[in-house]
Amino acid sequence: MQEQINFSYRDFDSFARLRSSAVLVKCDDRLDAYFRRTCSVALGKEWDYVLRKASIEFLTSVELGTSMVQYATPKRIGKTSFEIEYLFTKESDPAIVASIVYVSVATEAMQKITTPANIRNFIEKLS
């Protein structure tokens, strides 16, 4: 699954470098929108996910106004967690790679739970 991405002025620091937090926000927004569009489970009511670990690698510089394409691919789906790799390309060349591990939680208790089977299926279809 791919999506056109544009970073805004506020996503850059005073030295015109793209903030890592802006990349994480784009990744989380993408996954959240996907779950809300496709899943029958009420996200945030019955089941939710939280970020456990993230890594971001900048392969090239990203300037303000650069149009990018974001790809999301599931890398690992475990019993209670899953890992998604996000690739941002600039003019078809890899620019940023972000790998994020999420953990499934029960919304009210915020305790780790087994990822529901239908959610696991939607994660597998993400790519």
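Which of the residues belonging to the range 77-91 are touching a residue at least 12 places away in the same chain (Cβ under 8 Å) and exposed (fewer than 12 other Cβ atoms within 10 Å of the Cβ)?
Passing the criteria: only Lys79.
Does any residue in the range 106-127 that is at positive phi come within less than 9 Å, Cβ to Cβ, of a residue that is surrounded by fewer than 17 Cβ atoms within 10 Å (Cβ to Cβ) and among the aliphatic types (A, V, I, L, M) six or more places away or on a different chain, and which pairs are these?
Met110/Val50
Name every residue in the range 23-61 that is touching a Phe, Trp or Tyr at 6+ places or on another chain (Cβ under 8 Å), closer than 18 Å to Leu87 by Cα and crowded, with 16+ Cβ neighbours inside 10 Å, in order of residue number. Step through it out loud before you land on a result.
Of all residues in the range 23-61, those touching a Phe, Trp or Tyr at 6+ places or on another chain (Cβ under 8 Å) come to 23, 26-27, 30-31, 34-35, 38-39, 41, 43, 49-52.
This time we only want the ones that are closer than 18 Å to Leu87 by Cα, so: 23, 26-27, 30-31, 34, 51.
Scanning the range 23-61 gives Val23, Lys26, Cys27, Arg30, Leu31, Tyr34.
Could you check the range 113-127 and list, in sequence order, the residues that are surrounded by 15 or more Cβ atoms within 10 Å (Cβ to Cβ) and within 15 Å of Lys75 (Cβ to Cβ)?
Listed by number, the residues that qualify are Thr115, Arg120, Ile123, Leu126.
Is it the case that some residue within the range 85-107 is farther than 17 Å from Leu126 by Cβ and out of contact with any strand residue (DSSP E or B) (no Cβ under 9 Å at 6 or more places or on another chain)?
For the range 85-107, residues farther than 17 Å from Leu126 by Cβ and out of contact with any strand residue (DSSP E or B) (no Cβ under 9 Å at 6 or more places or on another chain): present.
Can you pull out the residues in the range 16-47 that are at pLDDT below 90, of a type in the set (S, T, N, Q) and part of a helix (DSSP H, G or I)?
Within the range 16-47, just Thr38 meets the criteria.
Can you tell me which residue is farthest from the chain's Cα centre (by Cα) among those in the range 74-127 that are of a type in the set (D, E, K, R) and not in a strand (DSSP E or B)? Show your work before the answer.
Step one: of the range 74-127, the residues of a type in the set (D, E, K, R) are 75-76, 79, 83, 85, 90-91, 93, 108, 112, 120, 124-125.
Narrowing further to those that are not in a strand (DSSP E or B): 79, 91, 108, 120, 124-125.
Numbers: Lys79: 19, Glu91: 21, Glu108: 23, Arg120: 15, Glu124: 14, Lys125: 14 Å.
The qualifying residue farthest from the chain's Cα centre (by Cα) is Glu108.
The values are calculated or read from the model by the stated rules, or taken from the named source; none is laboratory data. Since we're looking at a predicted model, the values are computed, not measured. Counting neighbours? That spans all protein chains shown, and the Cβs are built from the backbone with ideal geometry, glycine included.
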